[in-house]
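Enquirer: Dropping the structure in here first, questions after.
The values are calculated or read from the model by the stated rules, or taken from the named source; none is laboratory data. Only a predicted model underlies this, so the values are computations on that prediction, with no experimental measurement involved. Cβ coordinates were reconstructed from backbone atoms using ideal geometry, including for glycine residues, and neighbour counts include every protein chain displayed.
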Amino acid sequence: MLLLLQLVAKKNHLSTTNGKNMLLTRENSVTDSARFKKGDVFWAPDPFRRGSNPRLWLVLAADSLPYPGEEYICVALTTSDLPRNYELGDDWISGKDPSKTSYCSPWVVATIKHDAVVNPQGQATESFANEMVAECKQYLGPQ
């Protein structure tokens, strides 16, 4: 099932990677000057787990949206090797954690507000991002 969610960060509480809760505010989010583009990977709250750590998101669309630089259509990245996930592997351009394998879940889609981004992580190849766009569309097609 495809879920499209919109995140609002001004009053969101989330846990950091050290397990401590924090209030996500403009002061601890990414600056206004840092705009993301297709293929970028960043940390933002996980709308599927309240109070959990932020997760990695891969940007599929940025400039083509009605409010460029303010929100992004993204798919979730995970370390879970589920049957329909796609391994990022050699498609990392920068930001890969060598101790972990990253997978993309093209059915886990969210609109992430720029103010919700906690930290940039890196970038995936444009070809991988385009492949995930095509896979995402498969879930939106006629049933």
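Enquirer: Quick one: which residue in G39, G95 is at positive phi, surrounded by 12 or more Cβ atoms within 10 Å (Cβ to Cβ), out of contact with any Asp or Glu (no Cβ under 8 Å at 6 or more places or on another chain) and at pLDDT 95 or above?
Expert: Only one candidate passes the filter, namely G95.
Enquirer: Could you list all residues from the range 72-123 that are farther than 15 Å from P47 by Cα and among the β-branched types (V, I, T)?
Expert: Passing the criteria: T79, I93, T101.
Enquirer: Of the residues that make up the range 22-32, is at least one at pLDDT 90 or above and surrounded by 12 or more Cβ atoms within 10 Å (Cβ to Cβ)?
Expert: The answer is no, given that none of the residues of the range 22-32 is at pLDDT 90 or above and surrounded by 12 or more Cβ atoms within 10 Å (Cβ to Cβ).
Enquirer: Testing E87 on (1) touching a strand residue (DSSP E or B) at 6+ places or on another chain (Cβ under 6 Å); (2) surrounded by 14 or more Cβ atoms within 10 Å (Cβ to Cβ); (3) among the acidic types (D, E), one condition comes back false. Which one is that?
Expert: Single failed check for E87: (2).
Enquirer: Same structure again: Please go through the range 105-143 and pick out each residue that is farther than 15 Å from G39 by Cβ, assigned to a strand (DSSP E or B) and not hydrophobic (A, V, I, L, M, F, W, C).
Expert: Within the range 105-143, S105, T111, K113, N119 qualify.
Enquirer: If you don't mind, another one. Here's a check for you: in the range 109-138, which residue that is of a type outside the set (V, I, T) and in contact with a Gly (Cβ under 7 Å, 6 or more places away or on another chain) is farthest from N53 (Cα to Cα)?
Expert: Across the range 109-138, the extreme among qualifying residues is E126.
Enquirer: Among the residues of the range 75-91, write down those that are in contact with a helix residue (DSSP H, G or I) (Cβ under 9 Å, 6 or more places away or on another chain) and in contact (Cβ under 8 Å) with a residue 24 or more places away in the chain.
Expert: Of everything in the range 75-91, those that are in contact with a helix residue (DSSP H, G or I) (Cβ under 9 Å, 6 or more places away or on another chain) and in contact (Cβ under 8 Å) with a residue 24 or more places away in the chain turn out to be V75, Y86, L88, D91.
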